[in-house]
Amino acid sequence: MGSRLLLLLFMLVFAKISFAENINVETIVQNVCVACHAKDGNSPITANPKLAGQHNSYLYKQLMEFKSGKRDNAVMAGIASALSDEEMKALSVYFSDQVLKLGKASTNGEGSLGEKIFRSGLAEKNVPACAGCHGPAGHGIPSKFPRLNSQHADYIHSQLVQFAEGKRANDEAKVMRTIAQKLSQEEMKAVADYIQGLQ
């Protein structure tokens, strides 16, 4: 009886591994992701995020939350709803393994308002430094905070606006919503531009 149970467990594990190995990630990328995010995850459309080099745990979390509706986006909800858990994990690893193309700030370099917000925060508004969670170079912390460096300024700005307006609400303990609500449009654009230039 014990041998049969062991054999059954082995077969189940093998079937799971085989299923995962049979996922053709590049086919999914080509058929589903490439139009908005590009094959290498470096979207040329500034309204869409670069996925290349992002922590795979963060990418997986976002796909899960698009699917569940916790993060509201009609396009991504439709895409994520058609993906299995294994496919979402495989896609997350795929894009995380791609090489991020570095960007440049338009005007917010050294000594700018954007740099001040990112590195020091705004004490008068009780806004903490972005670097406190996302790191001094914006590389984030795997499983905790996303990588931001070289992300499109347009995308960063749009997400800050959504957090401020409560349209994006998948941040832990309302951290980003609380911070974004304290920033003016000028401040959001400045820090988004600075982040775009982080290496």
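The values are calculated or read from the model by the stated rules, or taken from the named source; none is laboratory data. Being a predicted model, the structure only gives us computed values, none of them experimental. Positions of Cβ are backbone-derived with ideal geometry, glycine not excepted, and every protein chain shown enters the neighbour counts.
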Residues (crowded, with 17+ Cβ neighbours inside 10 Å, of a type in the set (A, V, I, L, M, F, W, C), within 20 Å of the chain's Cα centre (by Cα) and not in a loop (DSSP other than H, G, I, E, B)) located in region 101-154: Phe118, Ala131, Phe145, Ala153
All positions within region 169-199 that are out of contact with any Lys or Arg (no Cβ under 7 Å at 6 or more places or on another chain), among the small types (Gly, Ala, Ser) and either more than 20 Å from Gly138 (Cα to Cα) or not in a helix (DSSP H, G or I) (or both): Ala173, Ser184
Selection from region 171-199 of residues that are crowded, with 17+ Cβ neighbours inside 10 Å and farther than 19 Å from Glu115 by Cβ: Met176, Arg177
Filter pass, Ile79 being β-branched (Val, Ile, Thr), surrounded by 14 or more Cβ atoms within 10 Å (Cβ to Cβ) and not assigned by TED's automatic domain parsing to the domain that holds Ser150: yes
Residue satisfying all of: in region 89-99; of a type in the set (A, V, I, L, M) and buried (at least 19 other Cβ atoms within 10 Å of the Cβ); farthest from His37 (Cα to Cα) among these: Ala90
